[in-house]
Amino acid sequence: MTVADSSPEFLLDRPKSPPADDVSDRIAPGRVRSVTARLRRWSSRHADFVVVGFYLLTAVWVTSRLWAYPPGRVAPTLESDPSLMQWFLAHAVRVVTHGENPLFTERMNVPDGVNLMANTPMLGLSVPMVPVTMLFGPAVSFVALVTLMLSLTAAAWYFVLSRHLVSSRVAAAVGGWFCGFCPAMLAHANWHPNIIGQVLVPFIVWRVLVLCRPGARPVRDGIILALLVTYQAFINEEILLFTAIACGVFLLAYVLQRRELWAGAWRRLLGGLAVCAVIAGALLAYPLYVQFSGPQNYQGIEVAHFGNDLAAFTSFGTPTLGGNELTNQNLAPNPSEENSFFGWPLVLLLVVTTVWLWRDAVVRALAFTGLFFALLSLGTVVSYKGTEIGPGPWAVFVHLPLLHFVVPTRFGMIASAVVGVMLAIATDRVLRGQAVGVPRISRQAWALGLAMALVPLIPVALPAHNRPPVPDFVTSGTWRSYVAEGQTVVPVPVTENGNADGLRWAAATRLDMSVPRGYFLGPRNAQDGDLAAFGAPPSHGAGLLARVASSGVPVEVDDRQRRLFRDDLRYWNAAIVVLPVRHDQAPALRHTVEDLLGPGQRVDDVWVWDVRELATPRRDETVR
């Protein structure tokens with residue numbers, strides 16, 4: 001098969017290396033040949049273990065600062081996201097041990113609850129982690145999950161690449177390493193294990209391509225694909241949607257170049273996809289109904305402006321050897337969304353590689369797919385170093401069904417996966433020396449170019465800083481003597497985006513503790529079907545305490561504010577209000593809460609205000 005003759009089989013049956021001129025094969029074609037084959041298989045498995053072990057060690061290094069003390073270490077920004085993920089891990093324990101609803105909860109945002117299916121509770125990851133969460137707690141389970149997802153995603157790409165695309169395990173290791181530890185994956189690692197948990201993505205792509213080749217069995221292969229799709233839906237639906245679009249764009253780009261292949265492939269492909277749609281649709285029917293029509297559902301997220309800056313593509317990701325946090329400011333919506341930071345050496349290498357292998361229809365299709373998603377990641381407005389240039393291509397697609405739920409900057413993650421595959425193909429061609437019809441590139445020259453592109457992208461340990469651990473008042477169970485079933489604990493400041501420690505408290509109790517408000521996606525006005533907002537609708541009492549926590553300045557309150565705060569406590573069915581003594585703004589917060597509720601009581605390492613009677617309306621009061 002020549003470079004110019006690439007076909008779907010090329011993507012599924014890796015090119016065979018030329019047979020070695022083994023002397024033993026000529027001398028003893030029987031037993032010695034069998035022994036030689038066994039030695040080769042052992043050597044291949046040994047190489048696999050080495051590669052996967054290297055990925056695991058890299059992941060441990062990346063998360064090493066979190067491993068130092070999981071309960072008290074967190075990323076220096078966006079602390080609410082790890083707290084929510086720990087809450088999800090605790091929720092999975094409750095699903096398994098108490099049989100609670102996995103798709104909806106009333107233990108956050110009391111009394112309205114949270115539509116978990118619309119909040120990616122990552123059940124496909126959190127349920128397998130239940131034993132770890134039960135034995136070591138949600139904080140350790142969170143760090144372990146991040147470590148596993150980085151290494152296993154890299155290993156999954158390595159497996160698919162080495163078995164079905166390239167013959168060189170070195171080339172597959174390069175591609176797998178980039179797919180698992182590219183700047184986009186590192187950017188999300190401190191916060192979003194559900195997004196970096198892309199272990200099934202390469203297998204989904206592989207099974208879609210299997211349907212295109214002769215000999216495919218649409219029913220069997222469609223069932224396998226349906227099971228993979230269903231499981232991925234319970235890890236992260238956004239990544240599943242991106243993967244589906246990427247497969248469609250790649251196949252379209254390829255078929256337009258090799259139209260003669262479509263005549264024999266379309267029946268198998270459409271038949272398998274139909275089987276997949278029926279089975280996956282049946283398995284996901286009820287979860288999707290809850291997500292889109294159940295209580296606390298929302299219909300879209302206003303994040304179309306969450307796009308990448310053009311300058312990001314030639315910049316190095318912050319959590320990499322060449323990264324610079326100050327230089328990268330304002331090039332991404334926030335530190336967790338550095339999805340398209342490749343660095344100028346890699347961009348240059350990709351241009352050279354595309355030109356070098358341009359005769360390969362597969363490479364052309366990959367290049368188009370990567371460029372397509374890179375452009376979409378710019379959002380609705382294209383900017384360069386903060387200066388708006390004009391409308392972005394995402395503006396054309398944002399109003400299509402389902403696409404108004406996604407964050408456009410994350411399209412850069414698909415471009416990153418395409419880059420990993422292209423690096424594997426190019427490295428394999430160099431190592432095999434079989435790139436027919438294109439100029440030869442020496443191994444030394446390619447190794448130099450690869451090193452210049454990838455060394456600046458070597459991951460560094462994720463940043464982390466200390467945070468107060470969950471109060472002893474919570475971990476010791478003292479809180480239980482105050483709170484009856486159905487009542488809530490109100491942390492100070494009240495749990496919401498930016499102040500989500502209450503979710504960690506609840507997670508430490510395996511969700512025996514319920515909290516009002518929270519950090520989640522829900523309808524912005526608490527009306528089902530509205531646009532999404534992060535957290536519950538505005539609350540007077542929560543907003544007041546959040547301002548004090550932010551400014552460190554106590555607020556002098558009046559009778560109206562006291563009445564409104566008491567109304568909030570009634571609505572939340574609060575039993576106690578709790579302020580950790582070690583909170584950075586504890587003096588200002590204590591002064592304000594005492595002005596609202598009167599003197600508190602020091603219990604263990606917190607201040608407690610017992611509001612069980614206060615929250616009950618008196619006969620002479622009128623509830624607003």
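Take the conditions open to solvent by 30 Å² or more (accessible area, probe 1.4 Å) and either farther than 30 Å from Tyr289 by Cα or not hydrophobic (A, V, I, L, M, F, W, C) (or both) and apply them to Val548. Does it pass? No; evaluated as a whole, the condition is false for this residue.
When Val93, Val160, Val146, Val114 are checked against the criterion of being free of Cβ contacts under 8 Å to residues at least 60 places away in the same chain and of a type outside the set (D, E, K, R), Val160 stands alone in meeting it.
For the stretch 65-97, filtering for residues that are more than 23 Å from Leu288 (Cα to Cα) and either of a type outside the set (S, T, N, Q) or open to solvent by 40 Å² or more (accessible area, probe 1.4 Å) (or both) leaves 18. Of the helices (runs of 4 or more DSSP H) lying entirely inside the stretch 67-156, the ones with 2 or more residues being under 24 Å from Ala187 (Cβ atoms) and out of contact with any strand residue (DSSP E or B) (no Cβ under 6 Å at 6 or more places or on another chain) are found at 80-98, 123-126.
Looking at the stretch 382-395, is at least one residue at pLDDT 95 or above and of a type in the set (S, T, N, Q)? No; the residues of the stretch 382-395 include none that is at pLDDT 95 or above and of a type in the set (S, T, N, Q).
In the stretch 515-536, the residues that are at positive phi and open to solvent by 10 Å² or more (accessible area, probe 1.4 Å) form Cβ pairs under 6 Å with partners that are of a type in the set (A, V, I, L, M, F, W, C) and in a loop (DSSP other than H, G, I, E, B), at six or more places apart or across chains, as follows: Arg517/Val494; Arg517/Ala536.
When Arg163, Arg207 are screened for being more than 30 Å from Ala285 (Cβ to Cβ), open to solvent by 20 Å² or more (accessible area, probe 1.4 Å) and in a helix (DSSP H, G or I), only Arg163 passes.
Residues satisfying the criterion are present in the stretch 458-480 (criterion: assigned to a helix (DSSP H, G or I) and basic (Lys, Arg)).
Residues that are in contact with a His (Cβ under 9 Å, 6 or more places away or on another chain) and either surrounded by 23 or more Cβ atoms within 10 Å (Cβ to Cβ) or under 25 Å from Ala75 (Cα atoms) (or both) do not occur anywhere in the stretch 447-465. Tell me, yes or no, whether the stretch 95-107 has at least one residue that is modelled with pLDDT of 95 or more and touching an Asp or Glu at 6+ places or on another chain (Cβ under 6 Å). Looking through the stretch 95-107, none of the residues is modelled with pLDDT of 95 or more and touching an Asp or Glu at 6+ places or on another chain (Cβ under 6 Å).
Counted as qualifying within the stretch 300-409 are the helices (runs of 4 or more DSSP H) with 2 or more residues that are closer than 30 Å to Gly522 by Cα and open to solvent by 10 Å² or more (accessible area, probe 1.4 Å), namely 361-376, 394-397. So which residues in the stretch 563-590 are of a type in the set (Phe, Trp, Tyr) and either open to solvent by 10 Å² or more (accessible area, probe 1.4 Å) or under 21 Å from Ala506 (Cβ atoms) (or both), if there are any at all? Matches in the stretch 563-590: Tyr571, Trp572.
For the stretch 472-494, state whether one or more residues are touching a residue at least 40 places away in the same chain (Cβ under 8 Å), under 26 Å from the mean Cα position of the chain (by Cα) and surrounded by fewer than 24 Cβ atoms within 10 Å (Cβ to Cβ). No, the stretch 472-494 has no match at all.
Give the residue that is surrounded by the fewest Cβ atoms within 10 Å (Cβ to Cβ), with candidates limited to residues of the stretch 210-254 that are in a helix (DSSP H, G or I) and polar (S, T, N, Q). Within the stretch 210-254, the match that is surrounded by the fewest Cβ atoms within 10 Å (Cβ to Cβ) is Thr230.
Within the stretch 607-620, not a single residue is modelled with pLDDT of 90 or more, surrounded by 15 or more Cβ atoms within 10 Å (Cβ to Cβ) and under 30 Å from Glu302 (Cβ atoms).
The values are calculated or read from the model by the stated rules, or taken from the named source; none is laboratory data. Since this is a predicted model, take the numbers as computed values, not measurements. Here the Cβ is made from the backbone with ideal geometry for all residues, glycine too, and neighbour counts use every protein chain on show. Keep in mind that these areas ignore ligands, DNA and RNA; they rest on the heavy atoms of the full protein, side chains included. Shrake-Rupley method; radii C 1.70, N 1.55, O 1.52, S 1.80 Å.
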